1. First measure r as the distance between the Cβ atoms of B:Leu71 and B:Ala184, then evaluate 1/(1 + (r/R0)^6) with R0 = 56 Å and state the FRET efficiency to the nearest 0.05.
2. Considering only B:Gly109, B:Gly276, B:Gly23, give the residue with the highest GNM mean-square fluctuation for chain B, with springs between Cα atoms whenever their separation is below 10 Å.
3. Could you work out how far the C-alpha centroid of region A:185-243 sits from that of region B:228-280, in angstrom?
4. Tell me what the protein assembly as shown gives for mean residue ellipticity at 222 nm when only DSSP H runs of n ≥ 4 count, each as -39,500 (n - 2.57), the sum divided by the residue total, rounded to 500 deg cm²/dmol.
5. Mark the label point 7 Å from the Cα of B:Arg295 along Cα→Cβ and return the residues of region B:246-266 whose backbone N is within less than 18 Å of it.
6. Once you order the gyration tensor axes a ≥ b ≥ c over the Cα atoms, which shape class does region B:1-159 get: rounded for a/c under 1.5, otherwise prolate or oblate by comparing a/b with b/c?
7. Any idea how many Lys pairs in the protein assembly as shown come in under 24 angstrom at the alpha carbon, given 8 or more places apart or on separate chains?
8. GNM on chain B, C-alpha springs below 10 Å: top fluctuator among B:Phe14, B:Phe197, B:Phe73?
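No lab work stands behind these numbers, since they all come straight from the coordinates. These figures come from a predicted structure and were not determined experimentally. When we count neighbours, we look across all protein chains shown, and the Cβ atoms used for this are built from the backbone with ideal geometry, even at glycine.
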Amino acid sequence: MDVTDLLQLAIYGVVLGSILTLGAIGVSLLFGILRFSNFAHGDIMTLGAYAAFAVVSTLHAPVWLALPVGMIAGALVSVAADQLVYRRLRRTQPVILLISSFGMALIIRSLVQLVWGPQDRSFVKGIDMPMHFGDLMVSPQQLWILGGTIVIVIAVHLFLTRTRMGKAMRAMSDNMDLARVTGIDAEKVIVWTWALGGALAAAAGVFLALDTRLTPMMGWSALLPIFAAAILGGFGKPYGAIVGGMIIGVASEMSTAVLPPAYKPATAFAVMVIMLVVKPNGLLGARR
Amino acid sequence: MSIDLSGLASYGVFLLTLAAIYGVVSLALNVQWGMTGLFNIGIAGFYAIGAYCAAIVTTPPSPSHLGGLGLPFGAGLMVAMAVSGLVAFFVGLLTLKLREDYLAIATIGISEIIRLVLKNEDWIGNGVRGIAGIARPLSANPLVYLAVVLLVLAATYFAVERARKSPWGRVLRALRENELGAQAAGKNIYRFRMEAFVLGSMIMGLGGALYAHFIGFVSPEAFEPVFATFLVWVMLIAGGSGNNKGAVLGAFVIWVVWSGTELLTNQLPADYVTQGSALRVLLIGVLLQVILLRRPEGLLPEERPHVGASPASSAEAEDEA
């Protein structure tokens with residue numbers, strides 16, 4: 001294990017971190033506004049990836065064209081879940097929503113399995129030769145993931161800071177009552193938050209599938225590191241999610257230098273637990 | 001015809017035994033969630049600990065896994081409960097002071113790590129090959145074992161019901177309903193939460209041990225962690241969270257429904273049979289949403305104390321304080 005190997009792991013870590021970041025932004029936004037941890041988030045990722053896969057496999061479209069389709073599917077299913085179930089449960093305790101989202105996760109995952117079958121699938125047929133930079137290797141897919149994440153994160157930033165809806169979201173996340181008093185239509189903001197969170201999750205799912213493979217369990221397995229990233233950045237803080245995602249991603253990949261790769265999720269969990277003990281409000285969080 | 005009948009009877013015994021084991025776990029979750037409001041979705045982790053402890057303590061010595069201590073059934077149950085409780089204590093130490101979401105996420109993490117460790121550390125439980133040959137106590141006859149399990153279920157029910165009615169149980173309900181109020185009344189919230197969390201996890205370990213002796217085999221994949229955890233949650237919510245009778249009733253009803261969906265999916269054309277488990281999970285997921293929307297209090301709602309307590313009961317409350 002020399003410096004090159006560690007750098008290589010760091011590159012993989014940044015790629016994984018990008019995927020986790022996109023997932024964690026959605027979890028964090030939803031938490032900020034609805035005060036509950038969405039356990040169906042990972043399975044929305046899976047659904048988005050499979051929707052994009054359907055476009056790629058039936059229309060032979062390139063992945064970058066299928067990505068928006070996957071994102072729209074993720075947004076629509078999230079909004080539908082909210083309108084059919086969550087909306088009616090919002091007045092009860094947030095924990096009831098949490099149980100419901102746990103059930104929703106299983107519903108979405110079984111639907112994906114019923115439609116596409118339990119076997120592994122892949123966006124890319126055959127093996128693309130990785131590009132070499134000195135002794136380091138990066139695959140074209142990984143460059144797509146990095147580039148795509150940067151574009152999406154900038155778009156989310158512009159949305160949250162420049163549009164009325166984005167500002168309303170941040171206002172509701174900061175102080176629900178105050179936001180309502182100023183005349184913000186809470187229901188509308190909630191629907192938009194579901195749409196945005198679902199679209200981002202779907203993008204994360206497409207990227208995860210591009211980096212590995214499609215399986216019905218892919219999103220659920222990513223949920224724990226995504227929660228870890230969201231907690232690390234401070235729940236309810238979308239910008240913290242970026243920092244959290246990168247730290248968890250790099251830490252998980254670097255851990256393979258000393259631990260068997262099977263323990264990657266355990267590393268994410270360990271970082272999260274240390275964080276919870278040392279600074280429970282997250283790196284960028286001060287409130288609550 | 002007689003063959004059919006005996007087949008049916010043995011299926012019935014099988015069904016009842018598993019339902020009773022789930023009843024024990026459902027009671028355990030009721031201690032944590034129903035009575036105290038602690039959100040544990042790592043049930044499968046504690047269940048697995050219990051099952052492995054029973055396997056390691058009661059099987060004869062073996063080079064392929066830890067122990068093989070060859071001790072009796074009862075010793076296995078004790079160790080299963082002790083180790084589950086110990087793990088729960090450490091999880092609680094880290095998370096019980098935090099918000100409920102964090103406990104939920106931490107319990108999922110713990111159960112995932114337990115599964116990873118059991119899968120990758122061959123020296124503990126023979127890795128993915130698992131541990132076989134876990135004998136049933138007294139006799140291999142499934143009817144005898146059903147009686148044993150029902151006995152444990154009854155004992156657990158009376159213990160948990162007694163705890164619920166005790167001053168201790170009332171404090172748990174108080175801090176579930178109004179944390180600040182309970183704190184203002186001088187109750188150490190953290191200590192009560194820890195006790196409920198550890199007790200519930202110990203009973204989950206007990207359930208796992210009963211399961212190991214019934215099936216005779218444990219492996220990291222034998223538990224289908226997500227389904228086991230999810231199914232217990234559906235059982236408790238359907239039966240009536242906070243009500244111990246409801247917890248047991250929910251376990252039996254949902255286990256029969258869950259087993260019934262298998263008969264249903266077996267009728268599917270051969271091409272779709274492999275998809276049967278996905279369809280069953282889909283049905284049970286939809287069932288949970290319907291229960292949450294239509295009857296969130298469950299089949300047997302929690303008995304709430306009457307508002308405006310009689311003088312006798314308020315005097316009693318003062319005695320405890």
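1. Working: r = 48 Å, r/R0 = 0.85.
The formula returns an efficiency of 0.70 here.
2. Evaluated over chain B, the most mobile residue of the options is B:Gly276.
3. After rounding, the separation between the Cα centres reads 29 Å.
4. On the way: 25 runs with 439 residues, N = 609.
Roughly -24500 deg cm²/dmol at 222 nm, from the helical runs in the protein assembly as shown.
5. B:246-261
6. It comes out oblate by the Cα gyration axes.
7. 11
8. Sorting by GNM fluctuation, first place goes to B:Phe14.
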